[in-house]
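K.L.:
Sharing a structure below in structure tokens format, with a few things to ask.
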Amino acid sequence: MEGAAPLWPALLLAGGAGLAMPLGALAARVERIDDPLIALEVRHGVTAFGGGALLSAVALVLVPDGAEALPGVVAVLCVLVGGLIFFAVDRAVEAKGGAGAQLLAMLLDYLPEAAALGALLAVDLGTAMLLAGLIFLQNLPEGYAAFNEIEEARRQPPGRVVGLFAALAAVGPGAAALGLFVLADLPGVLGAIMLTAAGGILYLVFQDIAPQARAPGHWLPPLGAVAGFALGLGGHLAIG
């Protein structure tokens, strides 16, 4: 089967990038900062860093690559539909007293990029490796912030949350295989998925993640958002 050769690289690269989610969660679990003010600023700063990384994924990867494969009107509609879908999801989760906006945004970032990673492997191994490294670096702060959000809101046992993140990381290789064997030949479908995810990320960042990142009297969080976006920009320029 044509394309079978890169299957193992696709699985390994996507799985390695996904491992950053449980690693970030583990870092949050073992974090020990005695000064509550410093701890607050660090947590808000990391949350903002993850938000900046998510915005970079939208602006530099999901929207440009997705829009390239679709007519302009369809691309805009996909973004709007993504925002509306996750508006409905967010309302449903809130009605049940739950949380997890950071987790949803992280998965919206990770899974389409893993699919794009698989599709890219069919044509350019070197660029795919750079993309995997960028996804890993984005997932670390996102996993850290998502762990704190879920633990505080739902009061789940920390070990269970880390285990959940490890299980979610295992979904990435499946998305990469789908990208390699199916979506590589369907660029319009892959583009629609990426743009829909971009709309969902934008909704969640401005509805949930950015408000959580604000800490009155502290300046690390907004600087963290800039640093997160700069990370994404650096990776994008390296890939380009």
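The values are calculated or read from the model by the stated rules, or taken from the named source; none is laboratory data. Computed from a prediction, not measured in an experiment: that's the story for all the values here. When we count neighbours, we look across all protein chains shown, and the Cβ atoms used for this are built from the backbone with ideal geometry, even at glycine. Heads up: the accessible areas ignore ligands, DNA and RNA and are worked out on the full protein's heavy atoms, side chains in. Shrake-Rupley method; radii C 1.70, N 1.55, O 1.52, S 1.80 Å.
K.L.:
Subtract the Cα-Cα distance of Gln207 and Leu186 from 0.36 nm times their separation in residues, and report this length gain in nm to one decimal. If you can, show how the numbers build up before the last one.
P.N.:
Numbers: separation 21, 0.36 × 21 = 7.56 nm, distance 3.21 nm.
Stretched fully, the Gln207-Leu186 segment lengthens by 4.4 nm.
K.L.:
Looking at segment 103-229 from every direction and averaging, what is the projected area of its Cα convex hull in nm²? It would help to have the intermediate numbers written out before the result.
P.N.:
Numbers: hull surface 34.0 nm².
Projected area, direction-averaged: 8.5 nm².
K.L.:
Next question, about the same structure. Grab the alpha carbons of the chain, take their convex hull, and tell me the volume per residue in Å³. Let's see the in-between values first.
P.N.:
On the way: hull volume 27.8 nm³, N = 240.
Dividing the Cα hull volume of the chain by its residue count gives 116 Å³.
K.L.:
Separate question: Report relative contact order for the chain in percent, whole number only (criteria: Cα-Cα under 8 Å, sequence separation at least 6).
P.N.:
On the way: 398 pairs, mean separation 111.0, N = 240.
Relative contact order comes out at 46 percent.
K.L.:
Also, quick follow-up: With labels modelled as points extended 7 Å from the Cα through the Cβ direction, what inter-label distance (nm, one decimal) is found for Leu12 paired with Ala27?
P.N.:
Distance between the two pseudo-spin positions: 2.4 nm.
K.L.:
Can you run phi through the Karplus equation (6.51, -1.76, 1.60; θ = phi - 60°) for segment 44-49 and list ³J(HN,Hα) in whole Hz, with x for Gly and Pro?
P.N.:
5, x, 5, 4, 5, 4
K.L.:
Rounded to whole Hz and in sequence order, give me ³J(HN,Hα) for segment 174-182 from the Karplus expression 6.51 cos²θ - 1.76 cosθ + 1.60, θ = phi - 60°, writing x for Gly and Pro.
P.N.:
Taking θ as phi minus 60°, the curve returns x, 5, 5, 5, 4, x, 5, 8, 10 Hz for segment 174-182.
K.L.:
Convert each backbone phi in segment 227-239 into a coupling constant with the Karplus relation 6.51 cos²θ - 1.76 cosθ + 1.60 (shift: θ = phi - 60°), then list the ³J(HN,Hα) values in order as whole Hz, x for Gly and Pro.
P.N.:
Per-residue couplings from phi come out as 5, x, 5, 4, 4, x, 5, x, x, 5, 5, 5, 5 Hz.
K.L.:
Oh, and also: Mind listing P(r) for segment 12-95? All alpha-carbon pairs, 5 Å bins, whole percents.
P.N.:
Result, from short to long distances: 3, 11, 11, 16, 17, 18, 13, 6, 3, 2, 0 percent.
K.L.:
Oh, and also: Is it possible to state the helix-based mean residue ellipticity at 222 nm for the chain, with each DSSP H run of 4+ residues giving -39500 (n - 2.57), the sum divided by total residues, to the nearest 500 deg cm²/dmol? What is it?
P.N.:
Using -39500 (n - 2.57) per qualifying helix, the result is -26500 deg cm²/dmol.
K.L.:
Whole number please: convex hull volume per residue, Cα atoms of segment 135-185, in Å³.
P.N.:
Working: hull volume 4.1 nm³, N = 51.
Residue-normalised Cα hull volume stands at 81 Å³.
K.L.:
Something else now. Determine the order of Met106, Met129 by accessible area, beginning with the largest, at a probe radius of 1.4 Å. Could the numbers behind the result be given before it?
P.N.:
Details: Met106 0, Met129 105 Å².
My answer, sorted largest first, is Met129, Met106.
K.L.:
Simple spin-label model, 7 Å along Cα-to-Cβ: Leu130 to Ala238 in nm?
P.N.:
0.9
K.L.:
Rounded to the nearest whole Å², what accessible area per residue is found for the chain with the 1.4 Å probe?
P.N.:
Working: 11130 Å² over 240 residues.
Here the residues of the chain average 46 Å² of exposed surface.
K.L.:
Continuing with the same structure: For segment 174-240, take the convex hull of the Cα atoms, compute a quarter of its surface area, and give me that in nm², please.
P.N.:
Details: hull surface 24.5 nm².
Mean projected area of the Cα convex hull: 6.1 nm².
K.L.:
For the pair Leu77/Leu40, report the inter-label distance in nm, with labels modelled 7 Å from Cα in the Cβ direction.
P.N.:
Reported label-point gap for Leu77 and Leu40 is 4.8 nm.
K.L.:
When the accessible area of the chain is computed with all protein chains present and a 1.4 Å probe, what percentage of it is carbon and sulfur? Don't skip to the answer; put the middle values down first.
P.N.:
Values: 7930 of 11130 Å².
C and S atoms contribute 71 percent here.
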